[in-house]
1. Do the conditions hold for B:Arg19, that is, is it under 15 Å from the mean Cα position of the chain (by Cα), of a type in the set (Lys, Arg) and either closer than 22 Å to A:Gly23 by Cα or not in a helix (DSSP H, G or I) (or both)?
2. What is the number of the single condition among (1) under 16 Å from the mean Cα position of the chain (by Cα); (2) aromatic (Phe, Trp, Tyr); (3) farther than 22 Å from B:Trp27 by Cα that A:Tyr105 does not meet?
3. Quick one: in segment A:4-44, of everything that is small (Gly, Ala, Ser) and part of a loop (DSSP other than H, G, I, E, B), which residue is surrounded by the most Cβ atoms within 10 Å (Cβ to Cβ)?
4. Taking the condition of being among the charged types (D, E, K, R) and touching a strand residue (DSSP E or B) at 6+ places or on another chain (Cβ under 6 Å), how many residues in segment A:107-131 meet it?
5. Please specify each residue of segment A:1-50 satisfying the condition of being more than 16 Å from B:Trp27 (Cβ to Cβ), within 10 Å of chain B (Cβ to nearest Cβ) and in contact with a Phe, Trp or Tyr (Cβ under 8 Å, 6 or more places away or on another chain).
6. Could you check, for segment A:121-128, whether at least one of its residues is in contact with a Gly (Cβ under 9 Å, 6 or more places away or on another chain) and more than 30 Å from B:Glu20 (Cβ to Cβ)?
7. Could you say whether any residue in segment A:90-101 is outside any loop (DSSP other than H, G, I, E, B), within 13 Å of chain B (Cβ to nearest Cβ) and surrounded by 13 or more Cβ atoms within 10 Å (Cβ to Cβ)?
8. Select from segment A:80-131 the residues that are acidic (Asp, Glu) and under 30 Å from A:Asn168 (Cα atoms) and list them in ascending order.
Amino acid sequence: MKDVLIALNKIKELGVIDDYAIGGAVAAAFYIEAVNTEDVDVFLFLSPSQNSLLLSLTPIYDALQRLGGVIDREYVVFGDWPVQILPAYKPLVEAAIQHAERVKYDDVESKVFSPEYLCAIALDTARMKDFYRVASFIEQKKVDRKILDELIDEYQLGEKTLKVLNWNEP
Amino acid sequence: MKATNQQLDFVRQAKANYREVARAKTWEEKIDSIVRMRKASKIAKQAMLLLPRHTKS
């Protein structure tokens with residue numbers, strides 16, 4: 001994982017990307033009990049391109065490959081970690097990157113989504129495992145319910161909360 | 001054979017202890033544990049493929 005973060009910081013320093021933050025299960029593990037996941041989700045700001053989205057990711061894949069990553073289908077693999085590059089595809093994700101928390105992994109600086117944005121994005125994605133993730137944050141008391149409620153209102157996620165088993169727990 | 005209450009309590013306590021340890025880990029330790037979980041899951045899936053399949057007679 002250290003190699004992943006070093007490579008991401010390098011491509012940010014080189015200006016290949018504007019900013020990034022880790023989301024998904026790897027980010028959630030920063031706060032709550034870890035669960036199995038196949039990859040690390042890296043969300044990033046992409047400069048507007050006149051070409052297709054696929055073409056605009058090419059410089060990122062190329063840069064990561066030059067830094068030691070191995071391209072495998074849609075992933076760039078560093079050691080044990082396949083990296084999935086995910087452009088900020090909606091305002092909620094853009095806001096999550098902007099509000100990401102600065103963290104360290106073995107003295108390497110990085111950014112992860114906050115618990116509230118992880119929960120909001122999970123509700124928006126709305127798979128069974130996403131509702132389970134929100135329930136885990138609530139059960140382990142690692143999410144600010146007030147901030148999360150504000151995000152739910154702002155991004156109209158209210159109906160999705162009905163599928164979180166412990167949503168009404170304090 | 002049904003489990004006794006004592007056996008169930010033992011399992012509940014073991015699960016609670018495991019969770020307490022798992023949640024107290026650093027991010028680095030949790031990342032390492034994810035890698036182990038993934039490898040174990042892969043081995044388990046491969047073992048499942050070797051099990052004889054049930055077919056209707």
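Here, each number is a calculation from the coordinates, and none is a lab measurement. What you see is a predicted model; the values in this text were computed from it and never measured. As a convention, Cβ positions derive from the backbone with ideal geometry for all residues, glycine included, and neighbour counts pool all protein chains shown.
1. Working: under 15 Å from the mean Cα position of the chain (by Cα): yes; of a type in the set (Lys, Arg): yes; either closer than 22 Å to A:Gly23 by Cα or not in a helix (DSSP H, G or I) (or both): no.
Against the criterion (under 15 Å from the mean Cα position of the chain (by Cα), of a type in the set (Lys, Arg) and either closer than 22 Å to A:Gly23 by Cα or not in a helix (DSSP H, G or I) (or both)), B:Arg19 does not qualify.
2. Status for A:Tyr105: all satisfied but (3).
3. To start, the set of residues in segment A:4-44 that are small (Gly, Ala, Ser) comprises A:7, A:15, A:21, A:23-25, A:27-29, A:34.
Then drop every residue that is not part of a loop (DSSP other than H, G, I, E, B), which leaves A:15, A:34.
Details: A:Gly15: 9, A:Ala34: 22.
Residue satisfying both the conditions and the ranking: A:Ala34.
4. The first filter runs over segment A:107-131 and keeps only residues among the charged types (D, E, K, R), leaving A:107, A:109, A:111, A:116, A:124, A:127, A:129-130.
Subsequent filtering for residues that are touching a strand residue (DSSP E or B) at 6+ places or on another chain (Cβ under 6 Å) retains A:111.
Here the count works out to 1.
5. A:Asp39
6. Checked against the condition, which is being in contact with a Gly (Cβ under 9 Å, 6 or more places away or on another chain) and more than 30 Å from B:Glu20 (Cβ to Cβ), segment A:121-128 yields no hits at all.
7. Looking only at segment A:90-101, we keep the residues that are outside any loop (DSSP other than H, G, I, E, B), and these are A:91-98, A:101.
If we keep only those that are within 13 Å of chain B (Cβ to nearest Cβ) as well, we get A:101.
Imposing the further condition that a residue be surrounded by 13 or more Cβ atoms within 10 Å (Cβ to Cβ) reduces the set to A:101.
Scanning segment A:90-101, I find at least one residue that is outside any loop (DSSP other than H, G, I, E, B), within 13 Å of chain B (Cβ to nearest Cβ) and surrounded by 13 or more Cβ atoms within 10 Å (Cβ to Cβ), so the answer is yes.
8. First, the residues of segment A:80-131 that are acidic (Asp, Glu): A:80, A:94, A:101, A:106-107, A:109, A:116, A:124, A:130.
Result: A:Glu94, A:Glu101, A:Glu116, A:Asp124, A:Asp130.
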